[in-house]
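Rule-based calculations on the coordinates, nothing more; no lab input. Predicted model only: the values in this text are computed from it and were never measured. Cβ placement follows ideal geometry from the backbone for every residue including glycine, while neighbour counts extend to all protein chains displayed.
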Amino acid sequence: MKRTEASLSLAMIETAAQRIAPYIHRTPLAHSHTFSRLAGCEVYLKCENWQRTGSFKLRGALNRLLSLTEDEKKLGVVAASAGNHAQGVALAATMVGVPATIVMPKGAALAKIEATRGYGAEVILEGDTYDEAYQAALALQKERSLLYVHAFDDPLVIAGQGTVGLEIADQLPDITGITVPIGGGGLIAGLALALKSRFPQVRIIGVQSTAASAMVASRQAGCATTVSCQRTIADGIRVALPGRLTFPLVQDLVDDLLTVDDEAIAKAIVLLLERAKLVVEGAGAVSLAALLTQQLGKSGERWVALLSGGNTDISAIAALIEHGLVQSGRRWEFRVTLTDAPGSLQQLLALIAAGGANVISIIHDRLAPTLSLRQVEVIIALETRDHEHIDELTVQLTRAGFLLRPW
């Protein structure tokens, strides 16, 4: 294989692994019978959401800061991040004894902001996207004469992230392929170099959100390309421009790039909570979402979904669960107009009960301006099994004369 970046090598990743080993967790690689059945291949989950600080980012940050000279440590460091790199740099700086300033987008998750402060860093909120925060951090670097720690476009950071690949190589020597979240590309670049050096035949698939697919657009264009990012629940990989170092490595080493939408990501998050008892953020769940929706693996093949992080606001989890339940057909809401007479609602509820659905809530409204006299509008939320169950209920209720409307 070509070596697009002479500044990065397998030896650097192996050195990084030795350097950071005393400070990090060797995260588990867990086989999942449920996800294997759903994906049609053997699925293993690499749980970097259980890493210290809740994501893989500590690996790269530690490798970078542990490589500083004494003079560089005196300067202090600055970084830009949507959250996980921020926490990694903050904790690494505390471990090494270096003051750290982190610039985060204004819309960064509250849990990530507070955690970054809790690890000892000064936090500055600036810009609406990672790229705007990055520009603000560069300005701060010049103003305060700080050392910048890039989230992904630094050989030592990439080498640190690549240590995940070495662990997977040891844990699953007969690996067929792996799906990896991509933001700026630091994780997949280092991991791909590590895995391809050990197992040249392994398939490495990068996954982005459809709302922020800069690496996909760049591969299609043949050069690093800036895209306009939309809002996405995978905010940790919402990056508008791939790295100067990471893009050629991805071009050289990564077999394919895919995108998944927010609906697929939300469904993966809910399944991870329910079936695997794992809290995974949107950016970390894109890898599993790809395996479940893209039919990448065949029976008997061993595929790894890299769960890159688990840092998410508790308040966001409830919304994600509800959204995921709706998308998977586990929750159904509709409205229906009834005659305002004794027994009308009872007849509807009896049919729902006979159909095996559970009522979550009922709103009974006599005052809607669209209603005639002696009419009432009912809005019902049901707990259902799946979309097929919803279709069955729809047929049964429609045959009984009820005109259902979406809510």
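Some notes on this structure:
- What the phi angles of segment 120-126 give under the Karplus curve with 6.51, -1.76 and 1.60, with θ = phi - 60°, is a coupling list of x, 8, 7, 10, 10, 9, 8 Hz, glycine and proline written as x.
- Listed peptides 162-174, 201-213 by packing density, highest first (mean Cβ within 10 Å): 201-213, 162-174
- Pairs from the table (46/74; 73/112; 106/196; 267/298) lying more than 28 angstrom apart at Cα are 46/74; 106/196.
- Here the contact order of segment 1-95, divided by its residue count and restricted to Cα pairs under 8 Å and six or more residues apart, works out to 23 percent.
- Per-pair calculated FRET efficiency, R0 = 41 Å: residue 73 and residue 277 via Cβ, rounded to 0.05: 0.55
- Each residue of segment 383-393 is assigned a 3J(HN,Hα), and the resulting list reads 8, 10, 7, 5, 5, 5, 5, 4, 4, 5, 5 Hz, derived from the Karplus form 6.51 cos²θ - 1.76 cosθ + 1.60 (θ = phi - 60°), x at Gly and Pro.
- Inter-label distance, residue 198 to residue 106: 4.5 nm, where each label sits 7 Å from its Cα along the C-beta direction.
- Segment 329-406, Rg to Rh (Cα coordinates; Rh as Kirkwood inverse mean 1/r): 0.96
- Choice from 340, 255, 154 showing the highest fluctuation, given a GNM over the chain with Cα pairs closer than 10 Å: 340
- In the chain, taking the dipole from charged Cβ atoms about the Cα centre, the farthest positive-side position among 193, 218, 270 is held by 193.
- Going from the residue with the fewest nearby Cβ atoms within 10 Å to the one with the most, 407, 332, 50 rank 407, 50, 332.
- Whether segment 1-151 is rounded, prolate or oblate, judged on the alpha carbon gyration tensor where a/c under 1.5 counts as rounded: prolate
- Relative exposure of 389, 85, 31, 150, judged by other C-beta atoms within 10 Å (fewest first): 31, 389, 150, 85
- Translational diffusion coefficient (Stokes-Einstein; Kirkwood radius from C-alpha pairs) of the chain at 25 °C, 0.890 mPa s, in µm²/s: 108
- Near residue 233, once Lys and Arg are set to +1 and Asp and Glu to -1 for all other residues with Cβ below 9 Å from its Cβ, the sum equals -2.
- Cα-centre dipole for segment 54-166 with unit charges at Cβ (Lys and Arg positive, Asp and Glu negative), debye to 20: 280
- Two-decimal ratio, segment 240-354, of alpha-carbon radius of gyration to 2.2 N^0.38 Å: 1.55
- Computed [θ] at 222 nm, deg cm²/dmol, the chain (DSSP H ≥ 4; -39,500 (n - 2.57); rounded to nearest 500): -13000 deg cm²/dmol
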